[in-house]
Amino acid sequence: MINVNNLEKVYKLSKKQMKKEKLNLNIKKAVNGISFNVGKGEIYGLLGPNGAGKTTTLRCISTLIKPTNGNIKIRDFDVIDDSRDVRKNISFLTNELKLDGFFTPNYTFEYFGKLYGMDDKQINDRKIKLFHYFGITEFKDVKISDLSTGMKQKLSIAVSLVHDPEIIIFDEPTNGLDIVTAKVVVDYLKYLKKQGKTIIVSTHIMSVASKLCDRMGIIIDGRIVIDGTLKEILLKTNTEDLEDAFFSLYLKSKEGEKNE
Ligand SMILES: Nc1ncnc2c1ncn2[C@@H]1O[C@H](COP(=O)(O)OP(=O)(O)OP(=O)(O)O)[C@@H](O)[C@H]1O
C-alpha cells in the first residue's frame, strides 16, 4: 500500500537557519536514503529523536513537500505525478496544522467534509460517529480556542478522518496528551487497523510504539538504523525493551560520527 524507496530530502537553508543549526553549508540533508513498506491492515512506526527526519519523511509521503531523490508510491499512485489521487486517499495529521480557534468543532468538521466533496448526510453520519468516540459531542458548539489541548487534538484527529481514508499518516499523534487521552487515540488507531486501514505513525514515545506498531523503523540523522517487529529489534540489539534498544543504537550512531 505504501512504498517508500530510497527517499532523500535536502533543504536549502537561510543564513539564519545556518547559524541556528551551526552549519557552514547552506544545505541540510534531513532524510538520507530511507526505504520501507507498509501493508494493508498494518501499523508502521517511525521512531526517532528530535530532528531525526520523521516529519520530513511524513510530509514527503503526504505530498506536502517534494522529495529531492527517491520515490514514494501510495497504492499505485506516485506522490509527485499523482499527488491529487494520493491526497484523496490519505489522512495526514500534523502538529503544524492548527485549527482555527474562532470556529466550532461542528463548523470545522462540516467545512472539511465539504472540502472532500461529501454530502450533508455523509458528513453528519461521520460526525456523529467520530464526535461520539472522541467525546466531542457536548463541546461541538464551543469555540475551538476555548477547548482543552487534549480536546483540540482529538478534534484534529476526527477532522483528519472525516473522509474515512484507507491510509492514515499521523505525526506524533499523542504528543502533549495526558495518559487517558493518549490511550483514547492509541485505541482508535488499533480499531482502524482492525478495519484494514494502512497506518504510519511517528513518535518519540517508546511505550506508544511498543504497544501500537506491528513494525517500526528507528531513524537517527535521516537514516533508518534498524527496522522490524519489536521482537526482531530487541533480538538484533540484544536488549530487553525498546528504550534500551534505542539508546544502544543512538550511542553507536554518535560514536560512528565521532570516528568519521
Ligand atoms: N523547512 C526546513 N528548512 C530547513 N531545515 C529543515 C526544515 N524542516 C526541517 N528541517 C531540518 O531537518 C531536520 C529533520 O527535521 P524533522 O522535522 O523532519 O525531524 P523530526 O524527526 O520530525 O523531529 P521533531 O521530533 O523535532 O519534529 C532537522 O535538522 C530540521 O532542523
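Annotation: of all residues in the stretch 1-23 being more than 15 Å from the ligand (Cβ to nearest atom) and more than 19 Å from residue 225 (Cα to Cα), the one that is farthest from the chain's Cα centre (by Cα) is 1.
Being among the polar types (S, T, N, Q), under 18 Å from residue 74 (Cβ atoms) and within 16 Å of the ligand (Cβ to nearest atom) is a condition met by no residue of the stretch 159-170. Pairs meeting the criteria (first residue in the stretch 128-143 and loosely packed, with under 14 Cβ neighbours inside 10 Å, second residue at pLDDT 95 or above, beta carbons under 7 Å, at least 6 apart or on different chains) are 141/104; 141/106. All conditions in (1) of a type in the set (Val, Ile, Thr); (2) open to solvent by 50 Å² or more (accessible area, probe 1.4 Å); (3) free of Cβ contacts under 8 Å to residues at least 24 places away in the same chain hold for residue 225, with the sole exception of (3).
One residue stands out in the stretch 1-22 among those that are charged (D, E, K, R) and open to solvent by 70 Å² or more (accessible area, probe 1.4 Å): the one that is modelled with the highest pLDDT, namely 12. Picking from residues in the stretch 149-162 that are among the hydroxyl-bearing types (Ser, Thr, Tyr) and at pLDDT 90 or above, the one that is nearest to residue 179 (Cα to Cα) is 156. Can we say residue 176 is within 16 Å of the ligand (Cβ to nearest atom) and part of a loop (DSSP other than H, G, I, E, B)? Yes. The residues of the stretch 108-122 that are more than 18 Å from residue 144 (Cβ to Cβ) and open to solvent by less than 70 Å² (accessible area, probe 1.4 Å), listed by number, are 117, 118.
The set of residues in the stretch 231-260 that are crowded, with 19+ Cβ neighbours inside 10 Å and either modelled with pLDDT of 95 or more or closer than 26 Å to residue 191 by Cα (or both) comprises 233, 242. Of the residues making up the stretch 181-192, none is on the phi < 0 side of the Ramachandran plot, of a type in the set (S, T, N, Q) and outside any helix (DSSP H, G or I).
Looking at the stretch 23-52, which of its residues are of a type in the set (A, V, I, L, M, F, W, C) and surrounded by fewer than 18 Cβ atoms within 10 Å (Cβ to Cβ)?
23, 25, 27, listed by residue number.
Contact map, the stretch 56-81: residues that are over 23 Å from residue 172 (Cα atoms) and among the basic types (Lys, Arg) paired with residues that are surrounded by fewer than 17 Cβ atoms within 10 Å (Cβ to Cβ) and at pLDDT below 95, Cβ distance under 6 Å, separation 6+ or inter-chain. No pairs are found. Here is the figure for the stretch 24-67: residues that are within 12 Å of the ligand (Cβ to nearest atom) and either hydroxyl-bearing (Ser, Thr, Tyr) or assigned to a strand (DSSP E or B) (or both) total 12.
The number of residues in the stretch 53-107 that are under 12 Å from the mean Cα position of the chain (by Cα) and surrounded by 16 or more Cβ atoms within 10 Å (Cβ to Cβ) comes to 15.
The values are calculated or read from the model by the stated rules, or taken from the named source; none is laboratory data. This is a predicted model, so every value here is computed, not measured. Neighbour counts are summed over all protein chains in view; Cβ atoms, including those assigned to glycine, are modelled from backbone coordinates with ideal geometry. Areas reflect the complete protein model, heavy atoms only, side chains present, ligands, DNA and RNA absent. Shrake-Rupley method; radii C 1.70, N 1.55, O 1.52, S 1.80 Å.
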